[in-house]
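Before any comments, here is the structure.
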Amino acid sequence: MFTRYLSSRRKALFLSLIIGLLVALLSGGSQFLMSHHKQEVRYDSLISGLGGYMNNYFAELRRSIDMLQPLTLSQCADIRSELTSRASFSLNVRAFLLVKDKVAFCSSATGSMLMPLAELVPSIDMSKEVDMALLPGTPMMPAKPAILLWVSNPLLANGGVFTSINVNLMPYILDTTRQNEFTGVALVIGNMAFTSYSDQPLLATDLHGQPVRSVQLQGLPLKIYLYADTWMLEELQFALLFGLICGIFASALAYFVIITRANPRKEILTAIKQNQFYVVYQPVVDAQDLEMRGVEVLMRWNHPGAGEIPPDAFINFAEAQKLIVPLTLHLFDLIKRDAPMLKKRLPPGAKLGINIAPGHLHADSFKEDMRQFAASLPPDHFQLVLEITERDMLNQMEATKLFEWLHLEGFEVAIDDFGTGHSALIYLERFTMDYLKIDRGFINAIGTETVTSPVLDTVLTLARRLNMVTVAEGVETPEQAKWLREHGVSLLQGYWISRPMRLDQLMVWEPDVQLDGE
Ligand code: C2E
Ligand code: CA
Ligand code: CA
């Protein structure tokens with residue numbers, strides 16, 4: 001039981017570690033997915049914010065430009081002041097240029113001029129209704145990059161309005177990209193790009209990495225790219241930590257639950273309540289006529305999970321857990337339940353051998369427990385024999401007194417497993433014992449050696465001298481039985497006669513062994 005208990009502990013540990021690992025993976029994973037989802041939502045909202053802002057800005061600008069279109073039919077001197085005031089009221093506009101016959105003839109900044117637009121900005125395609133370009137600078141502000149916008153006049157071929165716009169127009173962009181996870185924003189026009197991380201335009205092919213989001217402005221050849229740290233190291237660390245904490249917590253909880261539920265102490269008490277224990281009876285027969293003189297009661301545990309647990313294992317464990325008293329009282333109950341049937345099967349005066357563990361023998365309640373048990377059995381029928389091992393009689397004074405009391409009350413006492421306790425045989429004289437149960441280790445030896453053990457001979461001689469009845473345990477062969485009878489052993493018990501049986505089997509059992517020469 002104890003090793004089983006240990007191995008179940010190891011199992012519990014293993015199981016709770018697995019549970020912890022699963023919980024860690026699950027909680028860490030879902031935490032990561034959740035923050036990943038939140039991140040996606042942030043990307044979406046930022047890109048739609050940027051797109052919205054830019055679309056609004058250019059829609060506003062287009063309205064101003066549309067109002068300027070009729071001016072392309074006028075003389076520069078006539079409309080110059082209007083042009084200038086429009087420019088100064090248009091946010092971020094550096095200059096408006098009016099174009100007629102592909103020639104810029106009027107600037108909001110410098111007034112009258114005559115310069116073919118193709119010379120001024122070769123990258124603009126005037127045949128398009130709308131075109132854009134990105135330049136590192138304009139003649140008036142050579143070091144400041146600008147966005148150029150061409151909008152042709154639908155009523156005037158080769159005419160229209162040309163606008164240069166400061167690129168640092170987007171405090172909104174710069175502000176939002178300062179949020180930690182965003183690494184930058186790029187405005188891409190044709191093959192040129194302006195980014196939030198460089199003062200100068202770059203070739204679009206020099207942009208590094210894939211944007212996490214992009215948006216194309218309505219009706220304009222301008223795209224916005226959003227860059228971010230997709231790795232989210234911090235989020236990953238947080239998810240790992242979160243998973244770890246959840247995992248440890250779940251592991252500890254699982255271990256606690258498993259252990260308390262699998263607590264062997266509790267298991268024994270539960271087994272009593274759920275009637276998992278039962279008793280079997282092993283006949284003890286007279287060595288001469290092989291008639292049944294009594295039975296030894298042996299306890300069995302039919303565990304729902306572990307199957308049949310041997311008594312050696314759970315008795316020791318019950319003792320260690322201080323549960324031997326309730327367990328023995330339960331044994332008494334089981335015998336009580338069977339007593340009416342046993343009475344039918346066993347003749348008056350039949351011996352009922354009961355194993356008493358030292359933990360119970362030395363308990364305060366022992367005497368009272370025994371009295372009550374004896375009183376609960378059919379009166380004047382069974383002779384109760386308490387089987388006690390040699391080892392349990394260490395305190396001789398106490399044992400002597402206890403045996404006196406037991407005899408006074410009508411119980412008999414057998415020394416169980418005799419010969420294994422290493423006590424000096426002579427001590428036996430001091431006790432008043434009724435039976436010596438010779439351990440099956442000695443019986444085993446009979447027939448395997450030419451001469452049987454001198455210890456067994458000594459034991460038998462001593463028993464005779466002390467007037468004690470001897471019982472041989474573990475008789476497995478007729479040879480052993482024969483030898484034992486010839487050497488004066490009174491009672492036999494063992495598989496040769498019968499294995500321990502349930503009550504219903506005992507009810508119909510008849511001895512069917514014989515000894516040669518009869
Ligand atoms: P024990 O008191 O020496 O009981 C005899 C054991 O030897 C039983 O094992 C029995 O099944 C087994 N046995 C009987 N004949 C033969 C045989 O011919 N050959 C072999 N190899 N074995 C034989 P079991 O039932 O497994 O019990 C083992 C021990 O557990 C018992 O040894 C006893 O010390 C303890 N035990 C059993 N039931 C109880 C109980 O109700 N209370 C207490 N305190 N101890 C018990
Ligand atoms: Ca016994
Ligand atoms: Ca024994």
Of the listed pairs LYS437/LYS482; LYS144/LYS223; LYS266/LYS343; LYS336/LYS367; LYS367/LYS437; LYS344/LYS401, those with alpha carbons more than 25 Å apart are LYS266/LYS343; LYS344/LYS401
With all protein chains present and a 1.4 Å probe, the order of MET54, MET140 from largest accessible area down is MET140, MET54
Between the Cα axis of helix 264-273 and the main Cα principal axis of the chain, the angle (0 to 90°, nearest 10) is 60 degrees
As a percent rounded to 5, the proportion of antiparallel DSSP bridges among beta bridges in segment 270-508 is 40 percent
The Cα radius of gyration of the chain, divided by 2.2 N^0.38 Å with N its residue count, comes to 2.18
Applied in sequence order to segment 340-354, the curve 6.51 cos²θ - 1.76 cosθ + 1.60 (Karplus, θ = phi - 60°) yields integer Hz couplings, x standing for Gly and Pro, of x, 6, 4, 4, 5, 7, 9, x, x, x, 5, 7, 10, x, 10
Square roots of five times the C-alpha gyration tensor eigenvalues of segment 262-353, ordered largest first and given in whole Å, equal 29, 13, 11
The percentage of Cα-Cα pairs in segment 90-227 separated by more than 21 Å is 44 percent
With +1 at each Lys and Arg Cβ and -1 at each Asp and Glu Cβ, the charge dipole magnitude of segment 442-514 around its Cα centre, to the nearest 20 debye, comes out at 240 debye
Of all DSSP beta bridges with both partners in the chain, the antiparallel percent, nearest 5, is 70 percent
Ranking ALA318, PHE431, GLY494 by how far each Cα lies towards the positive end of the charge dipole of the chain (+1 on Lys and Arg Cβ, -1 on Asp and Glu Cβ), the top one is ALA318
Here FRET efficiency (C-beta to C-beta, ARG499 to ILE248, R₀ 60 Å, nearest 0.05) is 0.75
Computed over the chain: longest principal axis from alpha-carbon atoms vs helix 233-261 long axis, angle to nearest 10 degrees, is 20 degrees
Using a 1.4 Å probe on heavy atoms of the protein chains only, the accessible area for TRP496 in Å², nearest 10, reads 40 Å²
Shape call for segment 72-127, from the Cα gyration tensor axes a ≥ b ≥ c (a/c under 1.5 means rounded, otherwise prolate when a/b beats b/c, else oblate), comes out oblate
The aspartates and glutamates whose Cα lies under 17 Å from the Cα of LYS38, excluding any fewer than 8 residues away in the same chain, are GLU181, ASP229, GLU234, GLU235
Asserting the computed 222 nm helical MRE of the chain (DSSP H runs at least 4 long, -39500 (n - 2.57) per run, divided by residue count, to nearest 500) equals -14000 deg cm²/dmol
Within the chain, the cysteines whose Cβ lies no closer than 4.7 Å to any other cysteine Cβ are CYS246
Given unit charges at Cβ for Lys, Arg (+) and Asp, Glu (-), the dipole magnitude of the chain about its Cα centre in debye, nearest 20, is 2160 debye
Once the in-chain neighbours fewer than 8 apart are removed, the aspartates and glutamates whose Cα is under 20 Å from LYS128 read ASP66, ASP101, GLU119
Of the candidates LEU406, GLY441, LEU203, the farthest towards the positive dipole end of the chain (Lys/Arg Cβ +1, Asp/Glu Cβ -1, centred on the Cα centre) is LEU203
To the nearest 20 debye, segment 221-370 has a Cα-centred charge dipole, built from +1 on Lys and Arg Cβ and -1 on Asp and Glu Cβ, of 500 debye
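The values are calculated or read from the model by the stated rules, or taken from the named source; none is laboratory data. Everything numeric here is computed off the predicted structure, so don't read it as measured data. Glycine gets a Cβ as well: all are built from the backbone with ideal geometry, and neighbour counts include every protein chain shown. What goes into the accessible areas is simple: the full protein's heavy atoms, side chains included, and nothing from ligands, DNA or RNA. Shrake-Rupley method; radii C 1.70, N 1.55, O 1.52, S 1.80 Å.
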